[in-house]
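For reference, the structure discussed in these notes is given below.
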């Protein structure tokens, strides 16, 4: 066999190997994508079935927003199960979050973790008998109560709305004290006409300041009223505070978990 024939055969083999490799990569990628799609569809079907079971449990949002202790215990059971999946992948999620630019593997891995969390949550909801509506209500009330509890600790037991208006109340009180003292009032006969005019202007400014402080205080309280929590919820929160904080998973609430 001539040298040229050997080279030609060698090139042909190399080309064939490359072609097989390319085909394997293409069809392997398609097979991988097909497998992932089938897995995703299966998981979605499973999640839907679990949520249907959970949502069959009736729930009416309490008008006073008060949490029942037995339901909080069930909520914490759900959080505990979800947290087990979250904690197992926490390092991976944090490492991905520190990357300036993620790649395709980060996307697929992240979606896989989120999907595992969703499955764990749906299974827990179905197992303990809690609908998605009740779960969302519990998340809302627990995080509201967390904030209200901290405010109460720092302000001697005041609600969030009371604390929000407190600064303006104090300002109004100080101005009212100055007004009551009456030093340099317009009616002071010892003052010159010019001084009485200045005193009159100061008294008007003081009245306006008191009215404005009271107005802003009322607005601050009204705006913060939605952040108030029932005292019963605060007491219950403090009873289970360590578990509530332990199973807090920052960021998951933003994606509905």
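The values are calculated or read from the model by the stated rules, or taken from the named source; none is laboratory data. None of these values were measured; they are calculated from a predicted model. Cβ placement follows ideal geometry from the backbone for every residue including glycine, while neighbour counts extend to all protein chains displayed.
Annotations for the structure displayed:
- The combined condition, being part of a loop (DSSP other than H, G, I, E, B), modelled with pLDDT of 85 or more and assigned by TED's automatic domain parsing to the domain that holds residue 247, is not fulfilled by residue 138.
- Candidates 185, 242: the one that is at pLDDT below 80 and either over 27 Å from residue 167 (Cβ atoms) or assigned to a helix (DSSP H, G or I) (or both) is 185.
- Subset of the stretch 106-135 (residues that are outside any helix (DSSP H, G or I) and crowded, with 17+ Cβ neighbours inside 10 Å): 130, 131
- Scanning the stretch 187-215 for residues that are crowded, with 16+ Cβ neighbours inside 10 Å and touching a helix residue (DSSP H, G or I) at 6+ places or on another chain (Cβ under 6 Å) turns up 209, 210, 213, 214.
- Residue-level analysis places residue 235 outside the set of residues that are surrounded by 15 or more Cβ atoms within 10 Å (Cβ to Cβ) and in a helix (DSSP H, G or I).
- Unmet criterion (only one of (1) assigned by TED's automatic domain parsing to the domain that holds residue 237; (2) in a helix (DSSP H, G or I); (3) surrounded by 16 or more Cβ atoms within 10 Å (Cβ to Cβ)) for residue 171: (1)
- Test for residue 225: is it surrounded by 14 or more Cβ atoms within 10 Å (Cβ to Cβ), in a helix (DSSP H, G or I) and either within 31 Å of the chain's Cα centre (by Cα) or modelled with pLDDT under 85 (or both): no
- Search result, residues across the stretch 152-168 that are closer than 22 Å to residue 62 by Cβ and part of a helix (DSSP H, G or I): 152, 160, 161
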